[in-house]
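Here's the structure we're looking at; comments come further down.
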Amino acid sequence: HSSGYREGLKLLEELDSRFAVTVFTGVPPAADQGNPKLRFGSFRRQGNYWSDSAGESTFYTNENAIDGIKNTIRYCHENDQPLAVIGFGWCWDMTWHNGPGGELDPVYKVHWAGSSEEGPDGDQRWGLDAGDYALTGNRVCMDTYLNAVEAYRQFCREQGYDTVPIFTTGPVDGYEGENGFQREIKHQYIRDFVAADPGRVLFDYADILVHNNAGEKYEFTWDDGETPRKHAQIHPDNSKDEVDGTHIGREGCIRLAKAMWWMLARLQGWNGE
């Protein structure tokens, strides 16, 4: 799913050359001082080489992952490639590998789903906080991800780096019904956490894709046997003409790119006018 960010940026540049971008995976390219462009990529410093991707097991589910991302930030700064922004491009981590199951959450009246590769309890479904261990048997939860990003923020402050670790929401394609509803709860949990501190930054991938260009929100309803419960789903306008490898349509990818430029510009001091 993270390729939707990159493909969208390339499509936007085709529509308007002012939004010039160098998209890459793996080794970060050097800045072109004569023709400055946004550099945007999928990469991670792993030991002595560059990897072209990251997943839950290398971003937040274990201490080695967290050390690895900190090392990536540090290496880039020490080698004249300072990062402006770093974030996690979710795949279906909130919904796949393990469907809704375990014990029913007494607060949200839902069963949790998801994957947690290389977490302390293995690849298991997961909930929101430490209390959900009793329901899932998994110490990984949404707080694990949130705490990891907070750790990156603290690391950057302590080291004096200008890098902004951002929070993100995830995909909204596929996984309907109870699985889609528990995914919606997880997305809202991220939003609420970010909103509690004005210093936190959210790229709301999910919200961008559940709306079309007319501002219409697309929702499904899951009936839990007692109550119809709505959850957001990718808008059909954002699914049409799927861009290869992204699980998203052309218009959805472009919407992601426009939002990315907006966020990056604001972080650089643009006031939005």
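Proximity of backbone amide H atoms, modeled 1.01 Å from N, is registered between residue 164 and 85, 86 at under 5 Å, excluding neighbours fewer than 5 places apart on the same chain. Sorting 18, 255 by accessible area puts them as 18, 255; the probe is 1.4 Å, largest comes first, and only protein heavy atoms count. For residue 46, the amide hydrogen comes within under 5 Å of the amide hydrogens of 51, counting only partners 5 or more places away or on other chains and with H modelled in the peptide plane. Principal-axis analysis of the Cα atoms of the chain puts helix 177-195 at an angle of about 50° to the longest axis. Between the helical axis of 3-15 and the longest alpha-carbon principal axis of the chain there is an angle of about 50 degrees.
Working note: Karplus 6.51/-1.76/1.60 with θ = phi - 60° gives the range 35-42 the couplings 9, x, 9, 5, 9, 9, x, 10 Hz, where Gly and Pro are set to x. Couplings for the range 135-149, taken from phi via the Karplus curve 6.51 cos²θ - 1.76 cosθ + 1.60 with θ = phi - 60°, read 9, 10, x, 10, 6, 6, 8, 4, 4, 4, 5, 4, 5, 5, 5 Hz in order; Gly and Pro are left as x. DSSP finds beta bridges in the range 16-87, and of those with both partners inside it, around 40 percent are antiparallel. Rolling a 1.4 Å probe across all protein chains gives residue 227 an accessible area of roughly 70 Å².
Taking a sphere under 14 Å around the Cβ of residue 41 and counting the other residues whose Cβ falls inside, with K and R at +1 and D and E at -1, yields a net charge of +4. Seen against the Cα atoms of the chain and their longest principal axis, helix 250-267 is set at about 60 degrees. Using a Gaussian network model of the chain whose springs link C-alpha atoms within less than 10 Å, name the residue from 47, 252, 87 with the highest mean-square fluctuation. Evaluated over the chain, the most mobile residue of the options is 47. Within the same chain, lysines fewer than 8 places from residue 230 are excluded, and of the rest, those with a Cα less than 26 Å from its Cα are 109, 186, 217, 240.
The values are calculated or read from the model by the stated rules, or taken from the named source; none is laboratory data. Fair warning: this is a prediction, and the values are worked out from it, not measured in the lab. Every residue, glycine among them, receives a Cβ derived from its backbone with ideal geometry; neighbour counts consider all protein chains shown. Calculation scope for accessible area: heavy atoms of the full protein, side chains included, ligands and nucleic acids excluded. Shrake-Rupley method; radii C 1.70, N 1.55, O 1.52, S 1.80 Å.
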